[in-house]
Amino acid sequence: MDARLAIDCAVLLLYFFIIIFIGLRMGRRERNLEDFALGARQIPWWAVLASIIAAETSAGTFFGVPGEGFALRKYTYLQLALGTILARILVSYIFIKPYYDYKVYSIYEYLTARFGGATKNAASAVFMITRLLASGARLYVAAIALALAYEMIRGVRPGQTETLFIYVGATVVIVILTAIYTTIGGIKAVVWTDFIQASIMMGSALVALGLLYHGIPGGWSEIVERRHVGFVVSDFFTTGLDPAKHGWEKIKGMFEIEYTIFAGLIGSTFITMSTHGTDQDMVQRMLTAPDIRRSRRSLILSGLADIPIVLTFLSIGLLLWTYYQAHPDPTLPKTPNETFCHFILYEMPVGLRGLLIAGIFATAMGSLSTALNALATSFTRDWYETYINPGSTSEQSLRAVRWATVWFALLMIVVASTTSYLVIVHPKVRIIPIVLGIFGYTYGSLLGVFLCGMFTKRRGNNFGNVLAMIIGFIVVAILSGLPNAIAGIFGTKLYPQPTWLPVMEFPWWICFGTLVTFSVAVLFRTTREHHPPA
């Protein structure tokens, strides 16, 4: 083995050893489901803050956001981060207190108290299916590094079959290593390893940013010159309103553009309210803080941290484009998602290259561990203790949540392998729209039902809520053009899209799904007595 490669491998193996050691040590002595799911509510707020950042910054972010910067050479994606700050403030004052008041393990228990079991079952099922697909779909991204490393070592790009084997093999390794400490250590292992992983991720990203800037001859003036124009307001903010159009056509065009200031302030607010208020994956770590005040602090500060994080990764993408304009590389991948990884493998110094690859795996393992823990907790609390074994003891519930973690890990491997195949067949697919788009179809329905429960006292019931969730999903599917997109794979078209109806981009899906679900749910009156906890 080449000495330089051996050093990088040693750095990577050291990372895996440290993460698993910390995960097992921090998560030892789990006695019951509360310890496993909530860490006995004794985790410091700053660790919760780091865990939130690690969970929402997946490997998709590590490659996908630089890919957006490389492809667009603008910072318009940053507009979506604006809505996340507003949304976290809303979530911290609307959602967190009821979850603490009701002392929930799974946040869908709130829906049982407010509406009844059917609403809870529907919401929990939607979460588990959506989270499984979304988290599994982004898992393959970490394997991009191994596929390009294979090309670097062998001097030839692997074929489709070899690439698929590399992707699936890397996925299996990541899932097994993550499942080990997640299954044994529970949420405490998740949070404390997330803290380490978030530090590695941001440290490695800043190192890459510095090396890229240093490698561009002429520095800032070269960046501006290569773009043929200095940075202007439209490189950061855009309305999407075409001055050549008027009336509804003008507004319709705005909905059909991914990154606009309206999508950032409105669409992104609804996205983040759903992911940080109605997703067990994200909310569960907030409930590990000792009290409401510290939980709110960790959530709001994580929103403020989003701006520099997104700015850093977008800057990496822009600098990558400038770097390879100044240093043409005939072997540069055609897919923007792979460009950052190509730079890491071919241009980074020995040792630092291993650290950057560790950062890639850190983002993948950080988001995976939280998803596995949340899925297992939701299944155990919402289904096992309620229907499968209602009289379960603490030991039985703890055993069940650990086995659930194992089974969800296996399902993640299946989803990630399927996604790998689709991405290999369609190499020009962009990561960010896929990852965020999966949530878009269902999380509007979740948010609409939760808002009905929290903003009203006598509106909404089980039948109306389930009907509202179904209608919300159908409306989003039509607005996104999903039926025709699926039919297009088979070379057909189900129906002609009316010219007045926009085919909306993903930042708007949850917004309209929420509005439709809420509007339908409040038409039905609550028929059961509900008394909030004292």
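The values are calculated or read from the model by the stated rules, or taken from the named source; none is laboratory data. Remember, predicted model here, so these are calculated numbers, not experimental data. Cβ placement follows ideal geometry from the backbone for every residue including glycine, while neighbour counts extend to all protein chains displayed. These area figures cover heavy atoms from the full protein model, side chains too; ligands, DNA and RNA do not enter into them. Shrake-Rupley method; radii C 1.70, N 1.55, O 1.52, S 1.80 Å.
Any idea which residue in the range 210-224 is most open to solvent (accessible area, probe 1.4 Å), counting only those that are of a type outside the set (Gly, Ala, Ser), in a helix (DSSP H, G or I) and touching a residue at least 12 places away in the same chain (Cβ under 8 Å)?
Among those that are of a type outside the set (Gly, Ala, Ser), in a helix (DSSP H, G or I) and touching a residue at least 12 places away in the same chain (Cβ under 8 Å), it is Tyr213.
If you scan the range 77-115, which residues turn out to be polar (S, T, N, Q) and open to solvent by 10 Å² or more (accessible area, probe 1.4 Å)?
Across the range 77-115, the qualifying residues are Thr84, Thr112.
Being without any contact (Cβ under 8 Å) to a residue 24 or more places away in the chain and of a type in the set (D, E, K, R) is the filter; apply it to the range 154-209 and report the residue that is least open to solvent (accessible area, probe 1.4 Å).
Glu162
Checking the structure you have, find out if any residue of the range 416-432 is crowded, with 16+ Cβ neighbours inside 10 Å, at pLDDT 85 or above and of a type outside the set (D, E, K, R).
Yes, the range 416-432 contains at least one residue that is crowded, with 16+ Cβ neighbours inside 10 Å, at pLDDT 85 or above and of a type outside the set (D, E, K, R).
Only residues in the range 304-318 that are touching a residue at least 12 places away in the same chain (Cβ under 8 Å) and farther than 15 Å from Glu56 by Cβ count as the first member; pair them with residues that are assigned to a helix (DSSP H, G or I) and β-branched (Val, Ile, Thr), Cβ under 7 angstrom, at least 6 apart or cross-chain, and list the lot.
Leu314/Val65; Gly317/Val65
Give all pairs with beta carbons closer than 8 Å in which a residue from the range 347-358 that is touching a residue at least 60 places away in the same chain (Cβ under 8 Å) meets a residue that is acidic (Asp, Glu); count only pairs at least 6 apart in sequence or on separate chains.
Close Cβ pairs (under 8 Å, with a partner that is acidic (Asp, Glu)) amount to Val350/Asp8; Gly351/Asp8; Arg353/Asp8; Gly354/Asp8; Ile357/Asp8.
Of the residues that sit in the range 256-267 and are part of a helix (DSSP H, G or I) and open to solvent by 20 Å² or more (accessible area, probe 1.4 Å), which one is modelled with the highest pLDDT?
If we take residues in the range 256-267 being part of a helix (DSSP H, G or I) and open to solvent by 20 Å² or more (accessible area, probe 1.4 Å), then Ile266 is modelled with the highest pLDDT.
I'd like to check something: does the range 84-103 contain any residue that is over 22 Å from Ala364 (Cβ atoms) and of a type in the set (Gly, Ala, Ser)?
Yes: the range 84-103 contains one or more residues that are over 22 Å from Ala364 (Cβ atoms) and of a type in the set (Gly, Ala, Ser).
Residue-by-condition table, conditions (1) among the charged types (D, E, K, R); (2) under 17 Å from the mean Cα position of the chain (by Cα); (3) at pLDDT below 80:
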{"position": "Ile19", "(1), (2), (3)": "no, no, no"}
{"position": "Ala37", "(1), (2), (3)": "no, no, no"}
{"position": "Pro44", "(1), (2), (3)": "no, no, no"}
{"position": "Gly60", "(1), (2), (3)": "no, yes, yes"}
{"position": "Val65", "(1), (2), (3)": "no, yes, no"}
{"position": "Gly69", "(1), (2), (3)": "no, no, no"}
{"position": "Arg73", "(1), (2), (3)": "yes, no, yes"}
{"position": "Leu80", "(1), (2), (3)": "no, yes, yes"}
{"position": "Tyr102", "(1), (2), (3)": "no, no, no"}
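For residues in the range 338-360 being assigned to a helix (DSSP H, G or I) and open to solvent by 10 Å² or more (accessible area, probe 1.4 Å), which is modelled with the lowest pLDDT?
Across the range 338-360, the extreme among qualifying residues is Glu338.
Could you give every pair whose Cβ atoms fall below 6 Å, whose first residue belongs to the range 283-298 and is in a helix (DSSP H, G or I), and whose second residue is open to solvent by 10 Å² or more (accessible area, probe 1.4 Å), counting only separations of at least 6 or pairs across chains?
Ile292/Lys97; Ile292/Tyr100; Arg294/Trp45; Arg297/Trp45; Ser298/Trp45; Ser298/Leu49
Could you grab me the full set of residues in the range 236-255 that are surrounded by fewer than 19 Cβ atoms within 10 Å (Cβ to Cβ) and under 9 Å from Gln79 (Cα atoms)?
The answer is Phe236, Phe237.
Inspect the range 51-71 for any residue being open to solvent by 10 Å² or more (accessible area, probe 1.4 Å) and more than 30 Å from Ile180 (Cβ to Cβ) and give the result as yes or no.
yes
Is it fair to say Asp281 is among the acidic types (Asp, Glu), in contact with a Lys or Arg (Cβ under 6 Å, 6 or more places away or on another chain), at pLDDT below 90 and over 30 Å from Glu225 (Cβ atoms)?
So Asp281 passes the test.
Quick one: Val65 ticks every box in (1) under 26 Å from Arg353 (Cβ atoms); (2) part of a loop (DSSP other than H, G, I, E, B); (3) β-branched (Val, Ile, Thr) bar one, so which box is it?
Among (1) under 26 Å from Arg353 (Cβ atoms); (2) part of a loop (DSSP other than H, G, I, E, B); (3) β-branched (Val, Ile, Thr), Val65 violates only (2).
Return the only residue of Thr119, Thr84 being touching a Gly at 6+ places or on another chain (Cβ under 6 Å) and in contact (Cβ under 8 Å) with a residue 12 or more places away in the chain.
Within the list Thr119, Thr84, the selection yields Thr84.
Somewhere in the range 373-382, is a residue of a type outside the set (A, V, I, L, M), under 20 Å from the mean Cα position of the chain (by Cα), crowded, with 24+ Cβ neighbours inside 10 Å and closer than 20 Å to Ile20 by Cα?
Yes: the range 373-382 contains one or more residues that are of a type outside the set (A, V, I, L, M), under 20 Å from the mean Cα position of the chain (by Cα), crowded, with 24+ Cβ neighbours inside 10 Å and closer than 20 Å to Ile20 by Cα.
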